[in-house]
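Participant: This is the structure, below, for whatever I ask next.
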Amino acid sequence: MDLEAVCKRSLVHAKPQGLILQYGTAGFRTDAQHLDHIMFRMGLLAVLRSKQTGSTIGVMVTASHNPEEDNGVKLVDPLGEMLAPSWEEHATCLASAEEQDLPRVLAAIVEKEAVDLLQTAFVVLGRDTRVTAFRPSSEKLSQSVIDGVTVLGGQFHDYGLLTTPQLHYMVYCRNSGGRYGLATVEGYCQKLSKAFIELTKQVSCSGDGTRSVKVDCANGIGALKLKEMAPYFSQGLSVQIFNDGTGGRLNHLCGADFVKSQQKPPRGMEMEPGERCCSFDGDADRIVYYYCDAAGHFHLIDGDKIATLISSFLKELLLEIGESLNIGVVQTAYANGSSTRYLEEVVKVPVYCTKTGVKHLHHKAQEFDIGVYFEANGHGTALFSEAVEVKIKRLAQELEGEKGKAARTLANIIDLFNQAAGDAISDMLVIEAILALKGLTVQQWDALYVDLPNRQLKVKVVDRRVISTTDAERQAVTPPGLQEAISDLMKKYKLARAFVRPSGTEDIVRIYAEANSQESADSLACEVSLAVF
Ligand code: NG1
Ligand code: ZN
């Protein structure tokens, strides 16, 4: 490791003195103009992680649903997963080191993680479409990552524009020795589209014509990638793209985060009553569905209802095949109480709750033969153990009749999911396939259960770290007395549930409340927010 060369090169990407940023729930995220040094240093870190694991590591430049002037970066581990927690700490140390401390911090990571410096390193990069006038854009910031990779002698492949889940997929493919798929955009499009067309072929046989769906792409990378992919699956689904980035700003009044948090349609979407519409977020790793009814009322179908549709379908298929596999659903505390009850009592699947952030859900989901995980905001996927995948694919060839048909459906569903990360394009195709196969309208899907009225609030406090939680963030441990106050407030309302936690992506505290009426949910949230001060 030529530390002298690193230090020299680092001066080109000098860290503003005193600037401390933390590797949060989804990597580093802040105003794009404060990120150049972070990018260079994440290039360095990706090389060390690659040398340590002997695998390809991914670096994604994106700030997902944040405003356009922000940017961010996260590292992707060998199986397409989020970076391991101990390396998140290294990322924070490296990002916070003043120039003169850089050699010492790098050497400490090498020693602590027993990095073999003689090992070769390979890093792949992807980036979203962020371009900000007079400011570092995703493209420029990617160059700084490359600078960090090359100064440590790492090799790289820059995929350029990709959705976040596409980069996760590329990393997984490259490290699975071709088992998972071809590590190209073409390979991704072909794998998913082939599975989708196989699934929807069965539907056309029963007389249903080509389906269509309206997609709000948040003026982000999702629009480009969906346009690129649409011809591959056009015989099964036609997509009408809105907010494709040609007329509006990224995530501005549109996208999955806006629709979920504001509970209203995005700007620019033309909705006819009963039409299926969906929104991606800025880097296309989240999706929510919605429609408006004949009276013009807006109905949101969030990640919880997506998880319900998927897990009931998987359960039905297993029943038809005659396989009793261990299936589990993973949610966070933000999951609507009605969804948890429906999953447990009607679908009869075990439901688990983890801390917020997909890495927690993903790891829990890996414990099952089939693990379905979704955050209420629409980030999620399904994971199938390798043994299950092999077994189902064998049964798909061996079994005949209805059992064989169900096994082939499941085999294609497995291929249609992006098992490396939650993926708006892949999830959309899974949902469209399930709705088509089951002959469900969007209203019928929505009617599976009724969401409990709920309210989310953000409050700014002097130091959000004074709030710590336990029980998957559902109980406050500190400050003293806060949990007692929240518990007392909940007693005032019916079907009430409320919790607070410090955000991992913004300098705020989040409050969630649900109850049997919107008025109750609103006042409970408000009262809890007062208890936080
Ligand atoms: P924080 O800011 O830690 O609540 C938010 C979302 C997460 C996750 C991350 C990363 C909520 C309540 N929180 O985390 O679910 O998506 O951003 O993007 O939606
Ligand atoms: Zn995102």
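Participant: In the set A108, A95, A114, A84, which member is surrounded by 19 or more Cβ atoms within 10 Å (Cβ to Cβ) and not β-branched (V, I, T)? Lay out the reasoning, then the answer.
Facilitator: Details: A108 fails: surrounded by 19 or more Cβ atoms within 10 Å (Cβ to Cβ); A114 fails: surrounded by 19 or more Cβ atoms within 10 Å (Cβ to Cβ); A84 fails: surrounded by 19 or more Cβ atoms within 10 Å (Cβ to Cβ).
A95 is the lone residue from the list that is surrounded by 19 or more Cβ atoms within 10 Å (Cβ to Cβ) and not β-branched (V, I, T).
Participant: Of all residues being away from ligand 2 (no atom under 16 Å from the Cβ) and buried (at least 24 other Cβ atoms within 10 Å of the Cβ) in region 273-297, which is nearest to N377 (Cα to Cα)? Just the residue, please. If you could, list the steps in order and put the result at the bottom.
Facilitator: Taking region 273-297 first, the residues away from ligand 2 (no atom under 16 Å from the Cβ) are 273-277, 289-297.
Cutting the leftovers down to buried (at least 24 other Cβ atoms within 10 Å of the Cβ) gives us 277, 289-291.
Working: C277: 16, Y289: 11, Y290: 13, Y291: 17 Å.
Step by step, filter region 273-297, then rank; the result is Y289.
Participant: Here are S142, S64: which of them is out of contact with any helix residue (DSSP H, G or I) (no Cβ under 6 Å at 6 or more places or on another chain), within 16 Å of ligand 2 (Cβ to nearest atom), in contact (Cβ under 8 Å) with a residue 40 or more places away in the chain and of a type in the set (S, T, N, Q)?
Facilitator: S64 is the lone residue from the list that is out of contact with any helix residue (DSSP H, G or I) (no Cβ under 6 Å at 6 or more places or on another chain), within 16 Å of ligand 2 (Cβ to nearest atom), in contact (Cβ under 8 Å) with a residue 40 or more places away in the chain and of a type in the set (S, T, N, Q).
Participant: While we're here: Quick one: S324 ticks every box in (1) within 30 Å of G248 (Cβ to Cβ); (2) modelled with pLDDT under 95; (3) touching a helix residue (DSSP H, G or I) at 6+ places or on another chain (Cβ under 9 Å) bar one, so which box is it?
Facilitator: (1)
Participant: For region 364-381: of the residues being away from ligand 2 (no atom under 16 Å from the Cβ) and either in contact (Cβ under 8 Å) with a residue 40 or more places away in the chain or acidic (D, E) (or both), which is surrounded by the most Cβ atoms within 10 Å (Cβ to Cβ)?
Facilitator: Filtering region 364-381 for residues away from ligand 2 (no atom under 16 Å from the Cβ) gives 364-372.
Right, trim to either in contact (Cβ under 8 Å) with a residue 40 or more places away in the chain or acidic (D, E) (or both) and you get 367-372.
Working: E367: 13, F368: 23, D369: 18, I370: 25, G371: 25, V372: 30.
Applying the filter and picking the extreme gives V372.
Participant: Ok, one more. Do we have L300 as at pLDDT 95 or above, within 16 Å of ligand 1 (Cβ to nearest atom) and in contact with a strand residue (DSSP E or B) (Cβ under 7 Å, 6 or more places away or on another chain) here? Steps first, please.
Facilitator: Values: at pLDDT 95 or above: yes; within 16 Å of ligand 1 (Cβ to nearest atom): yes; in contact with a strand residue (DSSP E or B) (Cβ under 7 Å, 6 or more places away or on another chain): yes.
Yes, satisfied.
Participant: Restricting attention to helices (runs of 4 or more DSSP H) lying wholly within region 242-351, give those where 2 or more residues are closer than 30 Å to D70 by Cβ and touching a Lys or Arg at 6+ places or on another chain (Cβ under 8 Å). Give the derivation first.
Facilitator: Working: elements: 256-262, 303-321, 337-342.
Here the list reads 256-262.
Participant: What is the number of the single condition among (1) away from ligand 2 (no atom under 16 Å from the Cβ); (2) over 15 Å from the mean Cα position of the chain (by Cα) that S261 does not meet?
Facilitator: (1)
Participant: Right, something else. Quick one: would you say S503 is within 16 Å of ligand 2 (Cβ to nearest atom), over 30 Å from F313 (Cβ atoms) and of a type outside the set (D, E, K, R)?
Facilitator: yes
Participant: So, one more: Go through region 174-190 and report how many residues are part of a helix (DSSP H, G or I) and either under 17 Å from S55 (Cβ atoms) or more than 20 Å from the chain's Cα centre (by Cα) (or both). Write out each step before concluding.
Facilitator: Of region 174-190, the ones part of a helix (DSSP H, G or I) are 174-175, 185-190.
Of the ones still in play, those that are also either under 17 Å from S55 (Cβ atoms) or more than 20 Å from the chain's Cα centre (by Cα) (or both) are 174-175, 186-187, 190.
Residues meeting the conditions: 5.
Participant: Another question, if that's okay. Do any residues in region 157-185 that are within 16 Å of ligand 2 (Cβ to nearest atom) have Cβ atoms under 6 Å from those of residues that are assigned to a strand (DSSP E or B), where the two are at least six apart or on different chains, and which pairs are they?
Facilitator: L162/G126; T164/M60; L167/G58; L167/M60; L167/G126; H168/V76
Participant: Here's a check for you: in region 134-148, which residue that is more than 21 Å from A26 (Cβ to Cβ) and at pLDDT 95 or above is surrounded by the fewest Cβ atoms within 10 Å (Cβ to Cβ)?
Facilitator: Keep residues of region 134-148 that are more than 21 Å from A26 (Cβ to Cβ), which gives 134, 143, 146-147.
Then keep just the ones that are at pLDDT 95 or above; that gives 143, 146-147.
Numbers: Q143: 16, I146: 19, D147: 18.
The selected residue is Q143.
Participant: Could you say whether any residue in region 372-379 is part of a helix (DSSP H, G or I), modelled with pLDDT of 95 or more and under 25 Å from the mean Cα position of the chain (by Cα)? Let's see the steps before the verdict.
Facilitator: Initially, region 372-379 is screened for residues part of a helix (DSSP H, G or I), giving none.
No, the conditions are met nowhere in region 372-379.
Participant: Applying the selection to region 235-257, what residues are within 16 Å of ligand 2 (Cβ to nearest atom) and in contact (Cβ under 8 Å) with a residue 40 or more places away in the chain? Even if it seems obvious, please write down each step before you answer.
Facilitator: Looking only at region 235-257, we keep the residues that are within 16 Å of ligand 2 (Cβ to nearest atom), and these are 243, 245, 250-252, 254-257.
The answer is G245, L250, N251, H252, G255, A256, D257.
Participant: If we keep just the residues of region 298-334 that are of a type outside the set (V, I, T) and within 17 Å of the chain's Cα centre (by Cα), which is surrounded by the most Cβ atoms within 10 Å (Cβ to Cβ)? Steps first, answer last, please.
Facilitator: First, pick out the residues of region 298-334 that are of a type outside the set (V, I, T): 298-300, 302-305, 307, 309, 311-320, 322-326, 328, 331, 333-334.
This time we only want the ones that are within 17 Å of the chain's Cα centre (by Cα), so: 302-305, 307, 331, 333-334.
Numbers: D302: 25, G303: 29, D304: 27, K305: 25, A307: 27, Q331: 26, A333: 21, Y334: 21.
For region 298-334, the residue satisfying everything is G303.
Participant: A further question follows. Taking region 443-470, which residues are of a type outside the set (V, I, T) and free of Cβ contacts under 8 Å to residues at least 40 places away in the same chain?
Facilitator: First, the residues of region 443-470 that are of a type outside the set (V, I, T): 443-449, 451-458, 460, 463-465, 468.
Listed by number, the residues that qualify are Q444, A447, D463, R465, S468.
Participant: Tally up the residues in region 218-239 that are surrounded by fewer than 20 Cβ atoms within 10 Å (Cβ to Cβ) and over 23 Å from the mean Cα position of the chain (by Cα), please.
Facilitator: 5
Participant: Please determine whether any residue of region 382-400 is surrounded by fewer than 24 Cβ atoms within 10 Å (Cβ to Cβ), of a type outside the set (V, I, T), over 24 Å from I301 (Cβ atoms) and touching a Leu at 6+ places or on another chain (Cβ under 7 Å).
Facilitator: no
Participant: Now, a different point. Restricting to region 212-241, what's the tally of residues that are within 16 Å of ligand 1 (Cβ to nearest atom) and either small (G, A, S) or in a strand (DSSP E or B) (or both)? Spell out the reasoning first.
Facilitator: First, the residues of region 212-241 that are within 16 Å of ligand 1 (Cβ to nearest atom): 218, 220-222.
Remaining after also requiring either small (G, A, S) or in a strand (DSSP E or B) (or both): 218, 220, 222.
Qualifying residue count, region 212-241: 3.
Participant: Has region 479-500 got at least one residue that is within 30 Å of D31 (Cα to Cα) and not acidic (D, E)? If you could, list the steps in order and put the result at the bottom.
Facilitator: Of the residues in region 479-500, the ones within 30 Å of D31 (Cα to Cα) are 499-500.
After this cut, where a residue has to be not acidic (D, E) as well, the list is 499-500.
Yes, there is a match, as at least one residue in region 479-500 is within 30 Å of D31 (Cα to Cα) and not acidic (D, E).
Participant: Moving to a separate point now. Do we find a residue being in contact with a Cys (Cβ under 8 Å, 6 or more places away or on another chain), more than 30 Å from R249 (Cα to Cα) and not assigned by TED's automatic domain parsing to the domain that holds E386 anywhere in region 162-180?
Facilitator: In the first step, residues of region 162-180 are kept if they are in contact with a Cys (Cβ under 8 Å, 6 or more places away or on another chain); the result is 180.
Retained after the next criterion (residues that are more than 30 Å from R249 (Cα to Cα)): 180.
Keeping just the survivors that are not assigned by TED's automatic domain parsing to the domain that holds E386 gives 180.
Taking every residue of region 162-180 in turn, at least one turns out to be in contact with a Cys (Cβ under 8 Å, 6 or more places away or on another chain), more than 30 Å from R249 (Cα to Cα) and not assigned by TED's automatic domain parsing to the domain that holds E386.
The values are calculated or read from the model by the stated rules, or taken from the named source; none is laboratory data. Treat the numbers as computed from the prediction; the structure is a model and nothing was measured. All Cβ positions, glycine included, derive from the backbone under ideal geometry; neighbour counts span all protein chains shown.
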